[in-house]
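The values are calculated or read from the model by the stated rules, or taken from the named source; none is laboratory data. Since the structure is predicted, the reported quantities are computational estimates derived from the model, not experimental observations. Virtual Cβ from ideal backbone geometry, glycine too; neighbours counted across all protein chains shown. SASA here: full protein model, heavy atoms, side chains in, ligands and nucleic acids out. Shrake-Rupley method; radii C 1.70, N 1.55, O 1.52, S 1.80 Å.
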Amino acid sequence: MKHRTLTLATLLLLASAAFVCPRFVTSNASAKAAPAPQQRRGRARRPAPVATRPAVDYTKFSHRVAQHQQETCDSCHKTPSANWTQARDHEAAFPDITDYPEHASCINCHRQQFFRGARPAICAVCHTVVSPRTGGRFPFENPAGAFSKSEKAKGVQSEFSLNFPHDRHQDVMARFMPSFKAEGIPLVRASFEPQGEKKPVDSCSICHQTYHQQNKPAATPAAGALVLEDGTFKTTPSGHESCFNCHWQDGGEKPLASDCAGCHRLLPQGKTPAPPGKDADAQTAAKAGITDPFIIRKLLRRDSATFSHEEDKHQSRGCTSCHINITAISLLDEKTIKVPVLTCGGSGCHINPRPKKILNEEVGKREADPTFQCTKCHINYGKAQVPKSHLDAVSK
Amino acid sequence: MRPDRLVFSLPSALAIVALLLGGYAASAQTAAPAAGACKVNTPQGAAPAQPSAPNVTTGIRITVTGPDGKPLQRKRFYLLQRSARASDADAFSAAPRREEFLQGASPQLREWLAKHDCDTLYCPEYESEYADAVKTVPEFKRAYEEGQRKYHNDKLALKWITVNFPLKNVRTEYFKRKRAWLEQAAQKAGRVSSVMTDEKGAAYFTGIKPGGYYISNLMPLGTGGILWDCQVTALPPIPKQIHSVLVELSAPRQQAAGSGN
């Protein structure tokens with residue numbers, strides 16, 4: 001009797017284990033796959049799917065989504081936005097794309113996401129509070145000033161690069177007639193002489209002026225602060241205000257303002273327009289007190305973070321003395337912006353064995369002491385291995 | 001009866017003047033452009049031209065001075081495989097001229113353009129001058145008023161004046177035709193690359209293979225003006241140098257005249 005009871009208990013135990021364990025296995029698998037309830041039902045009725053669709057994060061918008069790319073830019077972005085007169089101060093206002101697309105742009109495809117629950121995830125793309133009842137929104141990415149200070153801007157990288165034909169713009173601004181006085185032939189069109197004194201802008205300085213930091217470094221900088229001389233950078237026309245005065249759709253030149261893709265090119269997945277940092281990084285910019293996002297971008301792509309355009313002797317040299325490729329290029333890219341180190345040695349300025357100039361000196365010190373850090377031109381690169389271009393430049 | 005002096009009627013006099021002017025214009029268009037001077041300097045250490053490895057590249061630096069002896073700024077120069085003059089000598093007379101694109105322009109606009117040294121209306125240095133132009137040039141006035149009507153903002157109407165400029169052909173047509181003409185001429189002469197001179201009248205051709213080239217502005221400077229067509233040999237690279245050849249291009253002193261190209 002005792003033996004029979006024990007056998008029965010064992011059988012019961014095994015039976016309950018067989019009943020419970022498969023449920024554990026199923027629920028573990030379904031917890032990993034989304035959406036869980038649908039998959040469990042699917043399994044019960046038909047063979048399991050080969051691959052599950054990756055979960056979509058509807059809180060983040062991407063232009064790279066195939067369906068988004070099938071639409072034209074102006075099917076979502078209206079040019080100009082209704083709020084353009086409020087987006088900037090009256091004096092600075094101009095017709096522009098300064099607001100998010102309307103709900104109507106999204107709802108045809110995303111009706112399901114718009115009406116999912118009390119807190120639809122998709123609202124977080126634009127709205128500060130995920131709720132159908134509140135209207136607070138993050139600043140739109142344009143104008144950049146307000147957006148760059150917002151919480152949403154942190155860590156955001158544009159999906160687009162700028163397609164700017166530098167040569168074409170140079171040609172538009174080419175001089176019609178050099179400023180010499182025509183003489184010697186009776187029927188001279190003397191009216192082609194320039195009239196009086198013009199403001200001193202020539203060639204590159206038409207578009208690129210010296211950038212003067214708004215927050216000048218303190219006379220006695222705080223510990224750890226980095227002092228980049230005023231005049232280190234040159235400005236570059238940036239933002240729609242530099243373009244729309246010629247490319248506005250109502251009579252301007254092509255590509256028109258409504259044709260976003262005329263200037264903005266979608267980058268492949270994983271690529272960003274701004275380098276993460278070369279000789280300087282985001283911390284360098286913070287230490288130097290630079291807050292202007294365009295200037296930060298300039299700093300990040302520099303091979304020499306400390307070079308100052310405004311330094312006396314640099315000023316007196318022509319721009320192409322260093323930017324040797326800049327007038328030959330059609331589009332701006334890293335390769336064409338690069339300044340060869342040999343341009344620093346012109347007239348023996350920074351490269352010369354006797355008397356020893358700074359490049360020879362620092363390379364020499366590094367060869368003698370591997371822990372030596374080059375600081376004349378570099379911040380981060382000063383700790384890196386001396387490149388071949390520098391070794392060749394100082395070689396005998 | 002013998003007349004004491006020769007008397008012309010007004011229409012006859014005008015016809016004679018027109019013929020003379022026409023004759024001058026025709027001769028100016030068909031005359032071969034004057035040759036710009038070229039001086040090729042080879043820096044110390046340059047090796048004579050010899051076959052080099054296929055991946056070796058070198059550079060040419062150019063400096064250009066105008067007839068006044070000052071640097072010739074903001075002018076495009078081409079590196080070519082063939083002589084521009086030999087490639088299509090007849091093409092120079094067909095080069096577009098700005099006055100061909102001024103149909104419908106008021107005398108005031110013609111005068112304003114003549115005083116301003118840019119291929120288009122788009123030179124940013126003009127911005128400070130638009131306010132005056134609005135007072136004196138009818139086309140600028142119309143564009144300004146149109147902007148005021150659209151934007152209700154005087155400053156913006158002034159800044160965006162070219163958007164509302166009534167004569168689109170005056171605005172950029174000359175530039176577009178010139179660019180197309182230059183592209184075609186460059187192609188015929190075997191374009192290698194092109195550069196624009198900076199404020200010092202200087203520019204570099206970089207990343208080129210050692211060998212023989214021509215350097216030219218392709219479109220003569222001024223009607224019947226100056227054409228550079230400089231033969232140059234790009235030598236193999238010199239250690240520690242950006243360029244292996246320096247070419248100084250200069251214009252005959254004070255000879256340029258007429259409308260510019």
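With A:V386, A:V339 as the choices, which residue is under 17 Å from B:Y204 (Cβ atoms) and part of a loop (DSSP other than H, G, I, E, B)? Let's see the steps before the verdict.
Numbers: A:V386 fails: under 17 Å from B:Y204 (Cβ atoms).
Among A:V386, A:V339, only A:V339 is under 17 Å from B:Y204 (Cβ atoms) and part of a loop (DSSP other than H, G, I, E, B).
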Scope segment B:182-209; condition at the interface with chain A (Cβ under 7 Å from one of its Cβ atoms) and of a type in the set (V, I, T); matching residues: B:V195, B:T206
Look through B:R149, B:R171, B:R74, B:R110 and report the one residue that is outside any strand (DSSP E or B) and more than 10 Å from every other protein chain (Cβ to nearest Cβ). B:R149
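For the structure I just gave you, tell me whether A:N352 is open to solvent by 40 Å² or more (accessible area, probe 1.4 Å), more than 14 Å from chain B (Cβ to nearest Cβ) and either within 23 Å of A:T284 (Cβ to Cβ) or in contact with a helix residue (DSSP H, G or I) (Cβ under 9 Å, 6 or more places away or on another chain) (or both). Before you say what the answer is, go through the steps one by one.
Working: open to solvent by 40 Å² or more (accessible area, probe 1.4 Å): yes; more than 14 Å from chain B (Cβ to nearest Cβ): no; either within 23 Å of A:T284 (Cβ to Cβ) or in contact with a helix residue (DSSP H, G or I) (Cβ under 9 Å, 6 or more places away or on another chain) (or both): yes.
In short, no.
Only one of A:G252, A:G270, A:G289 is farther than 30 Å from B:K150 by Cβ, without any contact (Cβ under 8 Å) to a residue 24 or more places away in the chain and not in a helix (DSSP H, G or I). Can you tell me which? If you could, list the steps in order and put the result at the bottom.
Details: A:G252 fails: farther than 30 Å from B:K150 by Cβ; A:G289 fails: without any contact (Cβ under 8 Å) to a residue 24 or more places away in the chain.
Going through A:G252, A:G270, A:G289 in turn, the sole match is A:G270.
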Step by step: first the residues of segment A:240-284, then only those that are under 15 Å from the mean Cα position of the chain (by Cα) and closer than 17 Å to A:D303 by Cα, then the one that is farthest from the other protein chains (Cβ to nearest Cβ). Which residue is that? A:A282
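Could you check segment B:156-168 and list, in sequence order, the residues that are at the interface with chain A (Cβ under 7 Å from one of its Cβ atoms) and in contact with a Leu (Cβ under 7 Å, 6 or more places away or on another chain)?
Residues of segment B:156-168 that are at the interface with chain A (Cβ under 7 Å from one of its Cβ atoms), as a first pass: B:156, B:159-160, B:162-164.
Across segment B:156-168, the qualifying residue is only B:T162.
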For A:D96, only one of the following conditions fails: (1) buried (at least 16 other Cβ atoms within 10 Å of the Cβ); (2) modelled with pLDDT under 95; (3) under 29 Å from A:S242 (Cα atoms); (4) not polar (S, T, N, Q). What is its number? (2)
Determine if segment A:298-308 includes at least one residue that is under 14 Å from the mean Cα position of the chain (by Cα), over 30 Å from B:V64 (Cβ atoms) and open to solvent by 40 Å² or more (accessible area, probe 1.4 Å). yes
Within segment B:236-246, can one find any residue that is in contact (Cβ under 8 Å) with a residue 24 or more places away in the chain, facing another protein chain (nearest Cβ under 7 Å) and open to solvent by less than 20 Å² (accessible area, probe 1.4 Å)? no
Taking B:I226, is it closer than 17 Å to B:N41 by Cα and either modelled with pLDDT of 90 or more or buried (at least 18 other Cβ atoms within 10 Å of the Cβ) (or both)? no
Number of positions in segment B:114-123 that are open to solvent by 10 Å² or more (accessible area, probe 1.4 Å) and part of a helix (DSSP H, G or I): 1
Residues to consider are B:A185, B:A157; find the one that is in a helix (DSSP H, G or I) and assigned by TED's automatic domain parsing to the domain that holds B:H243. B:A185
Top-ranked residue of segment B:113-146 - restricted to ones that are at the interface with chain A (Cβ under 7 Å from one of its Cβ atoms) and among the charged types (D, E, K, R), ranked as nearest to A:A93 (Cα to Cα): B:E125
When you scan segment B:187-197, do you find a residue that is within 17 Å of the chain's Cα centre (by Cα), within 30 Å of A:D250 (Cα to Cα) and of a type in the set (A, V, I, L, M, F, W, C), even just one? no
Note on B:R179: of the conditions (1) facing chain A (nearest Cβ under 9 Å); (2) within 30 Å of A:Q86 (Cβ to Cβ); (3) open to solvent by 20 Å² or more (accessible area, probe 1.4 Å), unmet is (2)
